[in-house]
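The values are calculated or read from the model by the stated rules, or taken from the named source; none is laboratory data. No experiment lies behind these values; they were computed from the predicted model shown. Neighbour counts run over all protein chains shown; Cβ positions are idealised from the backbone, glycine included. SASA here: full protein model, heavy atoms, side chains in, ligands and nucleic acids out. Shrake-Rupley method; radii C 1.70, N 1.55, O 1.52, S 1.80 Å.
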Amino acid sequence: MTELTRVNTDREIATMEKTLVIRNLHVNVEDKEILKGLDLELEKGKTHAIMGPNGSGKSTLSYALAGHPSYEVTAGEVLFEGQDILEMGPDERAQAGIFLAFQYPMSIPGVSMANFLRSAVNSVRRARGEGDMRVPEFRKKLTERMAALKMDRSFMGRYLNEGFSGGEKKRAEILQMAMLEPKLAIMDETDSGLDIDALRVVSDGVNTLKGDDMTVLVITHYQRLLNYIKPDYVHVLMDGRIVTSGGPELALELESRGYDWVRAEFAVPA
Amino acid sequence: MEVRSVETPTLGISRDAVARLSERLGEPEWLRERRLTAWQTFEATPTPLMTDEEWRRTDIRKLDFGSFNVPIDAPASYEPESSADHRNGFTQIADGYVMEHRLEPEVAAKGVVFSSLSDAATTHPDIVQQYLGALIPDSYGKFASLANALAAGVFVYVPAGVEVELPLQASFTLSQEGSAVFPRTLIVAERHASVTFIDRYYSVDADTASLSVGVAEIFTGEGAQVRYVNVQEWGRNVWNFMAQKHRVERDGQDRNLNIALGGRFSKANVEAELAGSGANCEMLGLFFGDETQFFDAHTLQDHASPNCFSDLLYKGVLRDTSRSVFSGLIRVRPGSQKTDAYQTNRNLLLSDHARADSIPNLEIEANDVKCSHGASVGPIDPDQLFYLQARGLSRRDAERLIVDGFFEPLITRIPLEGVRERLSAAIDAKMG
Ligand SMILES: Nc1ncnc2c1ncn2[C@@H]1O[C@H](COP(=O)(O)OP(=O)(O)O)[C@@H](O)[C@H]1O
Ligand SMILES: [Mg+2]
């Protein structure tokens, strides 16, 4: 009886669509190995959280997934919707539907938010064989999405992230996500620098976007964000590997007990 | 525009060409004499060598004055410049000859003069004699004396207190490959006058080398406001030399912008003299090199009076194996207290083989001044590039957006939409 249930569950998991499958991923930064054989599977439409202490490799993972050239993959594979993406450039990955909300977004002087967003939206559309979005349609969508994120219209004339406060940058990242409608959204410490009101607005924005299709990978080292963006699964990243995974309760446990017990239990070198 | 290799009569760069040109343009005797004197200086002045400090990084060994022809008549036909821009006046000068000219009658009625220099020498001899060559005399150098001998161009005079509302524009074109042209602009804005002027140099790419040696002298009177924009879009095989000098009187304001995109070689000297207390000068420059292009910008902020302000910003982008040299001097003369002078040169390299040299200089002979200079040369920040690529932009589009942003503070200063749009298209073409 128990046996039978297990088989069913396994089959269910096996047939469940995986948005992302990472196997044995090794990543070097400046010739130093940071990710040391990381395995992770993300289920389509689910929200996964990665938690881990500072310096454990969370941002390294997100940059490697987005295709940053300084993050060198030395072994392993990354399948996005069944397709290996490691040979793809960062633009192709974005066009395929991967979006990274940066922990530290770059500012680009002289390039207005509006101009940038139009370029981004149309680049993705063109790659999919769709024509440029018509200007009225773009405006309408932008106005709606900005309103949802409680962003003032004046943002559009400002230069991309130039002189933005920490909170404004994070909101702008989520706005980009809302405009690009990715299949996989990776959010690297989106909660840092946000006060509680901003956190709520940003989380509402993400929750609205999630729907059935978008898979979300939330990276954080605080449990706080997970009160607003509720994860289906929580994974712990330490010393370049996922050392344990569980449900939302794992985040609460980490919050109350810290990481030392994980280190002890899963024999992670300190 | 068709590039034709024959048709109109030409002579080599020679004394004969100077005399024939002056005659063809119907100029008064005094101007003809000035030209011939300038020719003598040209002949007596040695070609600059790379051992001269100003020419240390600027190689003109392949320039052969003997290889160019001076058109001594108007071309048989020309391609009119089409533009929807709103302007108070426009002139098109092909190979040195006025092909098209208009000035709004209501602007002319205010006493504004906008005509060819040759005509102005007859209609307004006193003003032209007083100002022509006053800032750039023959002694300025080999190229300036050649221009003083052979240049033809436009004259703008704005009487005291008159405001010219919409820009005036001159387009200088070169229609025969292998020829030499000498664009010239003289602008005199009297006390409290105001005017915006745009010079555009344009030709199509050609196989045979051509030469352009231009001069511009811009006088901003007391409390006057002058905006001057020069857009250099010569074809790929043009040697471009340009001397441009601005003089700003008490409380006057001169804002100039020099854009250099074309030519195989381009050397522009842009100098401003802050001649009266409270004078103000903004000096902006933009250049974009690709393939084997070479750009040299040599600037001077000459503070000859107290309480003056000058602010210079030159920005360049270089691709392929293109090169640039920027050398800028802030000079504060004795007694020019309370000077505020700033100089910035920024260069973005889009290839490992492009190169930009930046040589700032200060020469300060007063003790109560605020001066600063800064320069940078470097590639696009790879993290900026990655950020844009991570939003789906191709590397090329990401670079284009960063370059646009880099130039944005300068491009917004161009007062004509048509000129802005053409520039944007030219930058797009240069991005490959
Ligand atoms: N660009 C980089 N250059 C040098 N070292 C880096 C770089 N990015 C990350 N590292 C190093 O990799 C390790 C993991 O960093 P990171 O992935 O940023 O961790 P986290 O996001 O979990 O705090 C750290 O030791 C950090 O110093
Ligand atoms: Mg991080």
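Listed values, structure above:
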| read-out | value |
| --- | --- |
| Residue satisfying all of: in region A:215-224; more than 16 Å from ligand 1 (Cβ to nearest atom) and within 21 Å of residue A:150 (Cβ to Cβ); least open to solvent (accessible area, probe 1.4 Å) among these | A:216 |
| Flag for residue A:188 being within 23 Å of residue A:47 (Cβ to Cβ) and touching a strand residue (DSSP E or B) at 6+ places or on another chain (Cβ under 6 Å) | yes |
| Pair list, Cβ under 7 Å, 6 or more apart: region A:36-62 residue modelled with pLDDT of 95 or more, other residue of a type in the set (Ser, Thr, Tyr) and within 15 Å of ligand 1 (Cβ to nearest atom) | A:49/A:220; A:51/A:220; A:60/A:71 |
| Total residues in region A:101-119, condition facing chain B (nearest Cβ under 9 Å) and farther than 14 Å from residue B:384 by Cα | 4 |
| Those residues of region B:412-432 which are within 14 Å of chain A (Cβ to nearest Cβ) and either open to solvent by less than 30 Å² (accessible area, probe 1.4 Å) or in contact with a His (Cβ under 8 Å, 6 or more places away or on another chain) (or both), in sequence order | B:427, B:431 |
| Residue that is surrounded by the fewest Cβ atoms within 10 Å (Cβ to Cβ) [pool: residues in region A:180-199 that are part of a loop (DSSP other than H, G, I, E, B) and away from ligand 2 (no atom under 16 Å from the Cβ)] | A:195 |
| Hey, residue B:336 open to solvent by less than 10 Å² (accessible area, probe 1.4 Å), outside any strand (DSSP E or B) and within 22 Å of residue B:373 (Cα to Cα) or not | yes |
| Selection count, region A:44-70, where residues are more than 10 Å from ligand 2 (Cβ to nearest atom), buried (at least 21 other Cβ atoms within 10 Å of the Cβ) and within 13 Å of chain B (Cβ to nearest Cβ) | 5 |
| Options A:243, A:268, A:202, A:206: the member that is surrounded by 16 or more Cβ atoms within 10 Å (Cβ to Cβ) and part of a strand (DSSP E or B) | A:243 |
| Scope region B:252-281; condition open to solvent by 10 Å² or more (accessible area, probe 1.4 Å) and either without any contact (Cβ under 8 Å) to a residue 24 or more places away in the chain or within 16 Å of residue B:370 (Cα to Cα) (or both); matching residues | B:277, B:278, B:280 |
| Meets criteria (more than 16 Å from ligand 1 (Cβ to nearest atom), under 29 Å from residue A:231 (Cβ atoms), more than 12 Å from chain B (Cβ to nearest Cβ) and touching a helix residue (DSSP H, G or I) at 6+ places or on another chain (Cβ under 6 Å)) for residue A:150 | yes |
| Residue tally, condition open to solvent by less than 20 Å² (accessible area, probe 1.4 Å) and either in contact (Cβ under 8 Å) with a residue 60 or more places away in the chain or more than 9 Å from chain A (Cβ to nearest Cβ) (or both), over region B:386-409 | 2 |
